[in-house]
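Worksheet: the structure to be examined is printed underneath.
Any read-out appearing in this document is the output of simple, stated calculations on the displayed coordinates, not a laboratory observation. Everything numeric in this text was worked out from a predicted model, so none of it was measured. Cβ sites come from the backbone with ideal geometry, for glycine too, and all protein chains shown count toward neighbours.
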Amino acid sequence: MTARGLPLLVAVALLAGTLAPVRYAAPSENFVPVAGPHNGPGARSAPGRYWANQPRALPGRGPQRAFLARWGGRYQGQSPWLVWAADSGGPAAQAEEFLIAAHEVGRHGGRLVVTQRAEPRTLNPVTVADAPSRDVIRPTTADLVHINRETQLTEPALARSWTVSPDGRRMTLQLRRGIRFSDGHPFDADDVVFSFEVYQDPKIDSPQRELLGVAGRPMAVKKVDRYTVQFDLAEPRAVGERLFDTVAMLPKHRLEQVYREGRLPEAWRLGTAPSDMAGLGPFRFQQHLPGQRVALERNPYYWKVDRAGGRLPYLDGVTFVTVTNEDAQVLRFQAGEADVLARIGAENFAVLEREQTSRGYVLKDLGPGLEYSMLFFNLNALPGTQGAIAAKQNWFRVTAFRQAVSAAIDRDSIVRLVYRGRATPLAGHVTPGNRLWTNPQLRPPARSTARASELLRQAGFRMSDARRVVDAQGQPVEFSILVSASNPVLNQVATIIQSDLGQVGMRVRIVPFEFRAMLDRIFKTYEYEAALLPLGGGDGDPNSEMNVWLSSGPQHLWHLGQQQPATPWEAEIDRVMRAQVSMLDASARKRAYDRVQQIVAENLPFIFLVSPNVLVGARRDLGNFRPAVLEPQVLWNVDELFWRRPSSGPSP
Amino acid sequence: MSRPTRGGIAGMLLAGIYASAALAGFLAPYDPIEQNRGLAFAPPARLRLVDASGRLHLRPFVYALVPRPGTFDYDEDVSRPYPIRLFPEGAAHRIAGLIPSNHHLFGVDDPARLFLIGSDEYGRDLLSRLIHGARISPVAGLLAASLAVSVGLVLGGVAGFYGGVTDQVLMRCAELVMAVPWLYLLLAVRAALPLALEPRDAFLLVIAVIGTVGWARPARLVRSVVLSARTRDYVLAARSFGASDARVLRRHVLPEALGVAFTQLALLVPQCILAEVTLSFFGLGVGEPLPSWGNMLAGVQRFHVLASYWWMFLPGLALVPIFLIYYAVTDVLHRHLVLRAP
């Protein structure tokens with residue numbers, strides 16, 4: 001699931017820290033269940049996508065990002081040289097092939113304090129399914145090919161280069177030579193082959209598995225020589241190298257035995273000794289204080305250097321502190337007790353902005369991210385017991401009805417009142433934040449109650465004497481919108497929609513639900529009429545969106561479990577989405593995806609509302625702070641971050 | 001004619017509050033769900049007597065507010081004063097739920113708005129919401145607390161009076177009720193209910209849920225009082241004259257516990273009003289856009305509101321006099337019923 005990109009539902013659980021119950025349930029609640037259709041709370045969800053109740057949690061493959069990781073400590077205290085000599089028989093072994101980073105040269109020292117909404121649950125990169133765990137694991141791991149969060153394009157990581165065969169089915173990766181895990185053990189092709197064996201093992205059921213399989217079939221991974229690995233895909237895949245992003249390379253020497261014994265899913269828990277873990281990221285696991293924090297320390301074997309030849313990372317360590325609600329996170333940041341802050345709500349951003357200069361932090365509005373909010377109707381095939389909802393589906397299935405609802409919604413008011421202007425009205429599912437793929441032809445509909453009424457009239461609805469919309473049978477149109485109770489922002493959006501639709505004569509009830517209970521209804525029981533959800537994350541590439549748009553996709557939210565496409569337009573989306581996967585011509589792919597966006601915008605299975613801007617902040621003297629809209633927004637270049645003043649930044 | 005007593009004043013105020021709930025549509029200047037999206041988070045209106053040119057007006061007036069683009073800050077448009085009028089026409093409503101009318105007690109001419117205590121995030125008038133909310137929260141709070149205390153009084157009385165197995169069973173039940181994780185139970189309750197609840201059903205549900213959850217504590221207190229009361233000499237005397245259990249309980253024992261019960265009632269009403277917020281979280285409360293004090297207060301519990309819009313707290317302040325009145329009323333009832341003081 002860390003699927004690179006799969007969009008995720010984010011439920012922004014701002015929760016405001018208010019309600020007693022909420023606080024109570026906080027840990028499990030905020031971190032979402034990633035619950036897919038068949039999983040219980042806390043379980044992983046359908047492949048590829050996380051449901052996160054809190055913003056920073058959005059994953060996607062983005063999150064589980066390509067850092068390297070490694071926990072270790074066996075050789076702590078020894079110099080790298082000694083380790084090297086011990087492991088591989090001396091300097092005769094390969095010299096390290098560093099990646100030279102182009103950023104501003106910084107200075108070493110200091111720690112970074114980051115707040116998290118909940119405690120991580122695991123340190124295992126193979127089975128990780130929750131956002132806080134991913135955030136902690138990400139800086140301790142590395143991938144072969146990495147998506148640069150700033151450019152949204154791939155770049156070399158553990159693989160220094162790669163080639164793709166003309167038919168798009170074979171990729172050959174050259175690994176960086178001489179680099180080491182954080183315990184000093186060398187990294188080579190055996191680790192890569194082992195890692196993919198683990199990720200693709202059906203028994204392990206890693207969230208990565210489905211993403212790696214193209215057309216449902218796993219890749220064949222073959223070691224060519226010590227530093228060359230060959231990947232054969234079952235079918236051609238456009239930009240196949242993006243598959244490697246966020247797939248953390250595992251240390252075979254640490255994990256092979258537990259894997260063969262079938263214990264890998266239980267390995268590397270929070271209580272595991274740091275010396276038993278190893279990774280290729282800029283940091284390695286140092287300490288866990290239950291309920292308080294997880295500390296990472298600098299990995300002395302990291303394989304990147306700056307232009308001056310200094311080994312990265314600059315920071316001595318990163319500390320993740322658990323702070324269970326956004327308001328408390330904001331207060332800590334304001335007080336200087338945390339150094340960076342991601343996914344700030346627009347209201348809190350406005351509050352922080354006022355004291356920006358006096359308190360010594362900088363705030364950045366990165367513009368629209370990949371996340372968006374949308375309203376959708378229940379178009380599932382319902383069991384006979386749900387006659388009441390099934391009767392209303394006769395309205396919901398009418399495209400003109402959905403278009404009328406869309407036309408009646410005042411997106412500009414949502415942007416202004418709820419997001420303080422820091423959001424963008426949307427026409428389709430690819431936000432303007434997705435630079436490579438957004439379809440500029442699609443314009444968000446301007447609010448028009450006249451058009452809404454006209455569309456309703458054409459679809460056979462009429463206005464009753466009491467100024468209510470009634471259908472052809474004289475049944476007044478009224479429905480309920482399910483929304484997560486712990487998400488005040490979406491509750492506000494719902495209240496605005498309620499009032500907007502009231503003005504065209506539809507009666508709408510808002511039904512706030514506990515988040516997991518809500519997901520249960522959407523994924524399992526289908527007992528809802530309409531729902532409001534945030535969806536987002538991912539790496540922006542259409543391939544990461546397959547599970548939403550394919551009619552058989554596990555996140556095809558409005559109508560799950562389809563054997564055959566239920567409508568002609570869903571069939572067309574299926575066809576185009578499947579075709580684009582193997583198009584090697586980038587412009588043809590873009591045209592195909594533009595077409596998908598257009599079909600979606602016309603048929604409105606999701607009624608797109610707005611895309612909130614990505615709002616982040618950091619202490620003013622944090623160097624190389626270049627946040628990005630892709631996850632992890634502020635820590636994607638944690639290996640380059642540094643303190644401009646020595647010893648700045650609080651230490652826990 | 002004697003001077004009004006403290007209890008009399010409190011009683012009148014309380015009656016006034018419930019009466020104003022009945023007249024909410026008339027007393028409130030606006031429809032509580034009407035959104036003025038250009039006037040979100042408008043501060044409380046500044047009533048003026050002297051206009052921008054220094055002229056004195058006999059009738060208080062306000063200026064219309066003009067939002068500064070991109071913010072929720074407002075400037076006053078001083079070109080035209082809007083005097084406060086009595087009985088202007090406005091949104092249609094029904095007085096006491098019966099008589100249709102579109103007159104309100106006071107207001108100003110369009111396009112100005114008179115937000116005496118400011119507006120909320122959708123530009124809805126807080127005062128109107130507060131007045132309309134009085135139809136729900138104090139009533140629900142009182143009924144729910146009464147339900148909880150009545151059940152507590154009966155069960156606690158029986159447990160204390162009979163002792164033995166009855167006592168054991170009832171008190172263990174009370175402990176069970178206190179120990180049950182109600183949040184999960186509420187989830188189960190919500191799942192068993194229809195998707196969308198009519199406001200009236202939601203209202204009754206709130207009362208039932210809070211009442212059911214809240215009886216254990218008063219029951220334990222009542223039991224302890226009854227336990228000591230039943231051994232009093234006058235109780236023994238009554239028994240020796242052949243009084244039945246029911247009579248002893250009703251005439252001699254339970255009155256002892258009334259003081260405790262009333263105190264509990266006064267303490268529970270505010271708690272019940274706040275409990276409504278919790279229930280709303282589980283989709284069991286009276287939902288948007290209908291105003292209740294619970295959901296108005298829920299909106300305040302966010303940092304940015306705390307930091308920026310102080311008037312959003314005014315609904316909370318409105319609870320203070322209400323609670324004081326409740327305490328005064330209970331005090332009086334206690335003295336009259338229990339101590340039998342004049």
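Observations on the structure shown:
- Computed over the alpha-carbon pairs of the range A:253-367, the distance histogram in 5 Å steps reads 2, 9, 14, 14, 13, 15, 13, 9, 5, 3, 1, 0 percent, short to long.
- Size descriptors for the range A:542-652: radius of gyration and Dmax over Cα atoms are 20.7, 63 Å.
- Once the Kirkwood radius over Cα pairs is known for the range B:154-243, the Stokes-Einstein relation at 10 °C and 1.306 mPa s delivers a diffusion coefficient of 103 µm²/s.
- Top of B:Gln271, B:Gln168, B:Gln35 by mean-square fluctuation, Gaussian network on chain B, Cα under 10 Å: B:Gln168
- With neighbour counts taken as other beta-carbon atoms within 10 Å, the residues A:Ile204, B:Ile99 rank, fewest first, as B:Ile99, A:Ile204.
- Extension gain, A:Gln458 back to A:Ala586 (0.36 nm per residue minus Cα-Cα distance, nm): 42.1 nm
- Selection among B:Pro255, A:Ala628, B:Gly25 by position relative to the dipole of the protein assembly as shown gives B:Pro255 as farthest towards the positive end (Cβ unit charges, Cα centre).
- Using the Cβ-Cβ distance between A:Thr228 and A:Glu355 with R0 set to 41 Å, the FRET efficiency works out to roughly 0.15.
- Among A:Phe98, A:Phe515, B:Phe303, sorting on how many other beta-carbon atoms sit within 10 Å of each Cβ, with the fewest leading, yields A:Phe98, B:Phe303, A:Phe515.
- Cα centroid separation, the range A:591-628 to the range B:148-176: 59 Å.
- Each principal axis of the Cα atoms in chain B has its own extent, and those three values, largest first, are 86, 58, 39 angstrom.
- For the protein assembly as shown, size of Cβ-based charge dipole, Lys and Arg +1, Asp and Glu -1, in debye: 1320
- Note on B:Val177 and A:Val258: with the Förster distance fixed at 41 Å, the Cβ-Cβ geometry gives a FRET efficiency of about 0.30.
- Computed label-point distance, nm, for sites B:Arg80 and B:Leu47 using a 7 Å Cα→Cβ extension: 2.3
- Potential extension, A:His108-A:Lys203 segment - 0.36 nm per residue separation minus Cα distance: 29.9 nm
- Label zone at B:Leu306 (point 7 Å along Cα-to-Cβ), backbone N below 17 Å, the range A:362-398: none
- Separation of alpha-carbon centers, the range B:1-79 and the range A:391-414, rounded to whole Å: 37
- Mean projection area, nm², convex hull over Cα of the range A:468-554: 7.5
- Fully extending the segment from A:Leu363 to A:Arg468 would add 33.2 nm, taking 0.36 nm per residue of separation and subtracting the current Cα-Cα distance.
- Each principal axis of the Cα cloud of the range B:28-142 was taken in turn, and the coordinate range along them, longest first, works out to 48, 34, 23 Å.
- Restricting the range A:143-226 to GluC sites (Glu not before Pro) in coil, as DSSP defines it, with at most 15 other Cβ within 10 Å: A:Glu150
- Mean Cβ neighbour count within 10 Å, used as a protection proxy, ranking A:563-570, A:539-546, B:150-157 highest first: A:539-546, B:150-157, A:563-570
- Count Lys and Arg as plus one, Asp and Glu as minus one, and take only other residues whose Cβ is under 13 Å from that of A:Arg620; the net charge is then +2.
- Cα-Cα over 26 Å, subset of A:Lys304/A:Lys590; A:Lys392/A:Lys590; A:Lys364/A:Lys590; A:Lys203/A:Lys590; A:Lys203/A:Lys252; A:Lys203/A:Lys524: A:Lys304/A:Lys590; A:Lys392/A:Lys590; A:Lys364/A:Lys590; A:Lys203/A:Lys590
- Per-residue Cβ neighbour counts within 10 Å put A:His253, B:His57 in the sequence B:His57, A:His253, beginning with the fewest.
- Model label sites at B:Leu324 and B:Ala192, defined 7 Å from Cα along the beta-carbon direction, differ in position by 4.3 nm.
- All C-alpha pair distances within the protein assembly as shown, sorted into 20 Å bins from zero, spread as 12, 39, 32, 15, 3, 0 percent across the bins.
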